[in-house]
Amino acid sequence: PLANAGPDQTICEGDEATLSGNGGGSYDWSTGESTATIIVTPSSTISYVLTVTDVLGCSATDVVTIVVQPLPVASAGPNQFILAGESAILTATGGGTYAWNTGETTSQITVMPAVTTTYSVTVTIGGCTSVDQVTVFVDEVPTVDLGPDLEICAGESVTLDATITGP
């Protein structure tokens, strides 16, 4: 027989790979499985051996290697607190390319949300991705009211009664 375990594959950590063997009557994988096609989820790079046996009892082997790439560790940075009308600078780390849910593709972006908003960034390295989120909390600018304008004569004093509305 002519054993063929299929081409080597590269997957991301946590993903599965489908291995398809051909070339004979019966199949015996190094995993202990005995079907032509198997699904594996290795946690690190590993090689699988396929032994193919024909009806005469002759056998051949082939090896397929699954390269497991680690996932990037995405970080969108810490949550931020701003006042309405202010901007926040968000800085992502952890990877080769960045894709924010705003459409921007740089590691650092400036946002000016009108209300509390959660932003997400997808970090990609070698086809493997990881996502993280950051929330920008927006507080209203407080309003201070000292009451109506007053006129006083020189030397007189007045008591002001201030009220604050808002956060």
Open item on the list: Name the residue that is farthest from the chain's Cα centre (by Cα), counting only residues in segment 76-90 that are surrounded by 14 or more Cβ atoms within 10 Å (Cβ to Cβ) and assigned to a strand (DSSP E or B).
Closed with: ILE82
Open item on the list: One residue is enough: does segment 135-155 have a residue meeting the conditions closer than 20 Å to SER75 by Cβ and either at pLDDT below 95 or not hydroxyl-bearing (Ser, Thr, Tyr) (or both)?
Closed with: yes
Task: Scope segment 37-69; condition out of contact with any Leu (no Cβ under 9 Å at 6 or more places or on another chain) and either free of Cβ contacts under 8 Å to residues at least 40 places away in the same chain or of a type in the set (Lys, Arg) (or both); matching residues - done: THR41, PRO42, SER43, SER44, THR45, ILE46, SER47, VAL55, LEU56, GLY57
Open item on the list: Out of GLY155, GLY127, GLY147, I need the residue that is exposed (fewer than 12 other Cβ atoms within 10 Å of the Cβ) and within 30 Å of TRP29 (Cβ to Cβ). Which one?
Closed with: GLY127
Open item on the list: For segment 91-100, check the following and say yes or no: at least one residue is in contact (Cβ under 8 Å) with a residue 40 or more places away in the chain, of a type in the set (A, V, I, L, M, F, W, C) and not in a strand (DSSP E or B).
Closed with: yes
Task: segment 107-124: number of residues that are open to solvent by less than 60 Å² (accessible area, probe 1.4 Å), part of a strand (DSSP E or B) and under 16 Å from THR93 (Cα atoms) - done: 7
- [ ] Would you mind listing the strands (runs of 3 or more DSSP E) fully within segment 28-75 where at least 3 residues are of a type outside the set (Lys, Arg) and open to solvent by 70 Å² or more (accessible area, probe 1.4 Å)?
- [x] 59-69
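The values are calculated or read from the model by the stated rules, or taken from the named source; none is laboratory data. Keep in mind it's a predicted model, so treat the numbers as computed, not measured. Using ideal geometry, Cβ is built from the backbone for each residue, glycine included, and neighbour counts are taken over all protein chains shown. Note: areas computed on protein heavy atoms with side chains; ligands, DNA, RNA excluded. Shrake-Rupley method; radii C 1.70, N 1.55, O 1.52, S 1.80 Å.
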